[in-house]
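Here's the structure, in C-alpha cells; my notes come after.
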Amino acid sequence: MTMKRLLILTWQTLTKPSGYYSLGFLVMGGFIAGIIFWGGFNTALEVTNTEEFCISCHEMENNVYQELKTTIHFTNRSGVRATCPDCHVPHKWTDKIARKMQASKEVWAMLFGTIDTREKFLAHRRQLAQNEWTRLKANDSLECRNCHNFDYMDFTEQSERAANQHSGALASGEKTCIDCHKGIAHQLPDMKGVEGW
C-alpha cells in the first residue's frame, strides 16, 4: 500500500459518519474534552497544594499551623519559608498524586470530626505524628530533601555536632532526616512510655 493510498484511507475513515458524527469529529471532540479535563484536574490539584487550602480547616489552623509560626521554617534570617505542602507533599508529579490519594483518607477524619477540638487533636497527636514519621522514613524524607540535600551541605559551616551527625548519616546511608529531626516544625507529642524517648 502506498503512502498516498494510506493517507486517503485514513482521511476517509476520519470523515466517515459514525451514526450521527464523523469519527474525526469524535476524535477531535475527545481530544478537546481531554485537554479541558486535564487542565481542570491540574488546577484543582494545585489549589489543594497551597498553605491557604491546608489551613482552611480550623483543626489545622488552630493547632499545627500555630506551632509552625514559631519555628525557623516560618520566619528566619534568609526569608525562605516552608509552607505545609513543602513538607507534606512531594514535588514530583507521580509522588504528589500518590500522597494526595493517601491524604484523601485524612479528609474522612476531618469530615467525621476525629480531631475537631483541641482535646481530640491532643488525644490523637502521637498517632498523627507517628503516621507522618513512618511515611517520611519510608520515602527517605523526600519532602525534606526538596530543600535540604547532603550533596550541597557545607559541613564546615555547621556546628561540630551537626557536622558529625550529617556526615555520619551520609556515610552510612541508614538514617534519614526524620530520624533526628522530629519536632522541627511542630511540637512533639507526649512520648512517655515510648521506647527510645
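The values are calculated or read from the model by the stated rules, or taken from the named source; none is laboratory data. Being a predicted model, the structure only gives us computed values, none of them experimental. Ideal geometry is used to build each Cβ from the backbone, glycine not excepted, and the neighbour counts take in all protein chains shown.
Values computed for the structure shown
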quantity: Residue among Thr70, Thr50 that is touching a helix residue (DSSP H, G or I) at 6+ places or on another chain (Cβ under 9 Å), under 23 Å from Leu128 (Cβ atoms) and of a type in the set (Ser, Thr, Tyr); calculated: Thr50
quantity: Which listed residue is free of Cβ contacts under 8 Å to residues at least 40 places away in the same chain and assigned to a helix (DSSP H, G or I), from Lys105, Lys96, Lys175; calculated: Lys105
quantity: Residue within segment 148-164 that is part of a helix (DSSP H, G or I), loosely packed, with under 10 Cβ neighbours inside 10 Å and touching a helix residue (DSSP H, G or I) at 6+ places or on another chain (Cβ under 8 Å) present; calculated: yes
quantity: Search result, residues across segment 1-43 that are surrounded by 10 or more Cβ atoms within 10 Å (Cβ to Cβ), small (Gly, Ala, Ser) and not in a helix (DSSP H, G or I); calculated: Ser18, Ser22
quantity: Test result for Lys175, of a type in the set (D, E, K, R), more than 22 Å from Gln102 (Cβ to Cβ) and surrounded by 10 or more Cβ atoms within 10 Å (Cβ to Cβ); calculated: yes
quantity: Top-ranked residue of segment 51-90 - restricted to ones that are small (Gly, Ala, Ser) and more than 19 Å from Phe121 (Cα to Cα), ranked as modelled with the lowest pLDDT; calculated: Ser78
quantity: Residues of segment 149-170 that turn out to be over 23 Å from the mean Cα position of the chain (by Cα) and either closer than 22 Å to Ala138 by Cβ or touching a residue at least 24 places away in the same chain (Cβ under 8 Å) (or both), as a count; calculated: 5
quantity: Residue, surrounded by the most Cβ atoms within 10 Å (Cβ to Cβ), within segment 180-190, restricted to residues that are touching a Leu at 6+ places or on another chain (Cβ under 9 Å) and within 21 Å of Asp140 (Cβ to Cβ); calculated: His186
quantity: Count of segment 80-93 residues which are part of a helix (DSSP H, G or I) and either hydroxyl-bearing (Ser, Thr, Tyr) or in contact (Cβ under 8 Å) with a residue 60 or more places away in the chain (or both); calculated: 2
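Residues are listed down the side, and each one gets a yes or a no for (1) surrounded by fewer than 12 Cβ atoms within 10 Å (Cβ to Cβ); (2) more than 21 Å from the chain's Cα centre (by Cα); (3) modelled with pLDDT under 90:
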residue	(1), (2), (3)
Met110	no, no, yes
Asp116	no, yes, yes
Ala123	no, yes, no
Gln130	no, no, no
Thr134	yes, no, no
Asn146	no, no, yes
Lys192	yes, yes, yes
Trp197	yes, yes, yes
